[in-house]
Amino acid sequence: MLSFSLSLYPPLPSPLTGAIEVHHISAGHFFQLKCSDYDDAEDQTTVTWSRGGNQTLNMTSGVEVRGEVLWFLPTHTSHNGHYTCESKYPTGSWEMKFVLSVDPGPCPVPAENRTVSQGMSEVVFCRQQDVLGLDPTAHIRWFKDCSPVDKHGETIIEEDCPKRLRLVNATESHAGVYTCLVEFSLQGRNYTATHSTQLKVNKEKVLLKPQVTYPRKETITVEPGSRVELVCSAFLGVGEGTESESFMFWTVDGRHTDHIEQLNVTKTTILPRSSGVYGRSTLSIYEVRPEFLNVNISCIAWNALGRDIGFLWLQPANHSGFYTCLCLCLAFSMVILGVAMCCLFKVDLVLAYRRLHPLVSKKRAPDGKLYDAYVSYVHGDGLSRAEMFALQVLPEVLERRYGYTLFVSGRDDLPGEAIHDVTSETMRRSRRLIIILSAQSASPLHPKMDPEDQLPLHQSPQDRPSYDQQIGLYDALIQNGLRVVLVEIDGKVDYTSLPKSLHYIRRKQGALRWRRPSSGKSSSTAHPNGHFWKCLRYHMPFNIELY
């Protein structure tokens, strides 16, 4: 098997000559010599190899020059001797000398020496990266003292990345020469390469300085008044007697735990492992008091060589973030609930505000209006539903119960007045325009109405309702000075035959719907019209004198 060892002789006197490398190798294996240089490879011009002074390598069998590398395919005893590599650069040259000693014996010569303390773990590397780069499928076998290594036990483990042997809990039996044999293929031919390591086991007891592995500098969040257990782990040393010569203890703000109540330290647990002896200690705090918060709590591991300290701090849990998030969630929920309540009970809230407003506010200046609302409807030859509602129901509630002032078309007109002038002037002095619509407002005879309610209507362009509605709608839509309230009574109103301005108002703000009470109800304001009157009062102007 091939193996080599490297030693450096003192540099030659010449400034252009490097050191001399001596390699002890075994015959029959692949080997490489690399020309070392002191400058970048890109500045190099030529590399020249020679043997024994001026002898060229062309006459040497089994040796090939490939760039700056000398390849032995494979080595044999005839390759013993001196080799020289000369690298020429634009600024000068560099010369490197090698001495090869080829051993014909069956066992490879160790290339390096390593020493491990008894009880410790060690790694032996297969230093053949160049060969593994030539053939990634190369196969590796391990030998110890020329015999295959038994890797089935728990003390010697083969690892692939990188190629190495791990010796666990070294003993005297692990001493010897370890060799990795690499079998690979190059340009259709099979070769072998080796690397050997001489391993010695030191029988003397080794004591290492302890080291706390956890905690180092830790901060732990705790709840004041709760129970806490703190754990400390430490490396205590190597070999027999480490347990008796090492110990662990705790301090709190510089005071030993033996002198502090509410504290208890469990006995240190020793954990022997292949790499040494480890200890584990637990500090129990029965009740986290204020004197234990934000102070140094130290775990100390000690042996004859020294000590190591790990630090940790206890800090009270900060719930401000939780409470802030909780308050924000509650506030957001209250806002959503408030918006929902306002949407659902908007009418009731506005009416309640109007009742309370006079108690906290001064009376407002008069706005020059005479009427709270101008009531318009379609006149007929008989008492239609719209006319009955305008003349009887509406005044009964808004005027008599709630005190509003209404001008009802057909009721409050004075004989002999100029209709057009009076209507226009009256609307300008009104705060609202209430337009009452029914199914009769669109067609004289509705097939779905009761025969007793099918009353003829006069809807000529000269009718007062058509005129006052036109005046009111013009003022509401063009001059933006009058708000319109649409009231639908007893069923759905067909707007296809009504003015487009009513279509627009209906789409924009909707309409209130009143239903005639069923038989047996003594009042026109009874259920289901209670909500209707609230909505109508909501749309009516706020007159502080009424509340």
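The values are calculated or read from the model by the stated rules, or taken from the named source; none is laboratory data. What you see is a predicted model; the values in this text were computed from it and never measured. Note: ideal-geometry Cβ built from the backbone for every residue, glycine included; neighbour counts use all protein chains shown. Note: areas computed on protein heavy atoms with side chains; ligands, DNA, RNA excluded. Shrake-Rupley method; radii C 1.70, N 1.55, O 1.52, S 1.80 Å.
Among the residues of segment 266-286, which ones are surrounded by 18 or more Cβ atoms within 10 Å (Cβ to Cβ) and under 39 Å from the mean Cα position of the chain (by Cα)? Spell out how you get there, then give the answer.
Filtering segment 266-286 down to residues surrounded by 18 or more Cβ atoms within 10 Å (Cβ to Cβ) leaves 268, 276-279, 281, 283, 285.
Listed by number, the residues that qualify are Tyr278, Gly279, Ser281, Leu283, Ile285.
Which of the residues belonging to segment 491-508 are part of a loop (DSSP other than H, G, I, E, B) and either touching a strand residue (DSSP E or B) at 6+ places or on another chain (Cβ under 6 Å) or of a type in the set (A, V, I, L, M) (or both)? Break it down into steps so the answer makes sense when it comes.
Filtering segment 491-508 for residues part of a loop (DSSP other than H, G, I, E, B) gives 491-494, 498-499.
If the condition is that a residue be part of a loop (DSSP other than H, G, I, E, B) and either touching a strand residue (DSSP E or B) at 6+ places or on another chain (Cβ under 6 Å) or of a type in the set (A, V, I, L, M) (or both), then Val493, Leu498 are the ones that fit.
Within segment 243-276, can you find the residues that are under 15 Å from Asn303 (Cβ atoms) and among the small types (Gly, Ala, Ser)?
Ser244, Ser246, Gly276
Would you please name the residue that is surrounded by the most Cβ atoms within 10 Å (Cβ to Cβ), looking only at residues in segment 95-124 that are over 27 Å from Leu181 (Cα atoms) and modelled with pLDDT of 80 or more?
Once the filter is applied, the top-ranked residue is Met96.
Could you check Ser87 against (1) among the polar types (S, T, N, Q); (2) buried (at least 20 other Cβ atoms within 10 Å of the Cβ); (3) over 59 Å from the mean Cα position of the chain (by Cα) and say which number it fails?
(3)
Suppose we filter Arg506, Arg515 for residues that are modelled with pLDDT of 80 or more and over 54 Å from the mean Cα position of the chain (by Cα); which single one remains?
After applying the criteria, what remains is Arg515.
Go through (1) assigned to a strand (DSSP E or B); (2) surrounded by 16 or more Cβ atoms within 10 Å (Cβ to Cβ) one by one and return the number of the condition Lys200 breaks.
Only one criterion in (1) assigned to a strand (DSSP E or B); (2) surrounded by 16 or more Cβ atoms within 10 Å (Cβ to Cβ) is unmet by Lys200, namely (2).
Of Ile156, Ile140, which residue is touching a helix residue (DSSP H, G or I) at 6+ places or on another chain (Cβ under 9 Å), over 22 Å from Ser185 (Cβ atoms), open to solvent by less than 60 Å² (accessible area, probe 1.4 Å) and not acidic (Asp, Glu)? Outline the logic, then answer.
On the way: Ile140 fails: over 22 Å from Ser185 (Cβ atoms).
Just a single option satisfies the conditions, and that option is Ile156.
Going through segment 269-319 one residue at a time, which ones are farther than 30 Å from Val123 by Cβ and in a loop (DSSP other than H, G, I, E, B)?
Result: Tyr286, Glu287, Val288, Arg289, Leu293, Asn294, Val295, Asn296, Ala317, Asn318, His319.
Looking at Ile336, is it at negative phi, surrounded by 14 or more Cβ atoms within 10 Å (Cβ to Cβ), of a type in the set (Val, Ile, Thr) and at pLDDT 80 or above?
So Ile336 fails the test.
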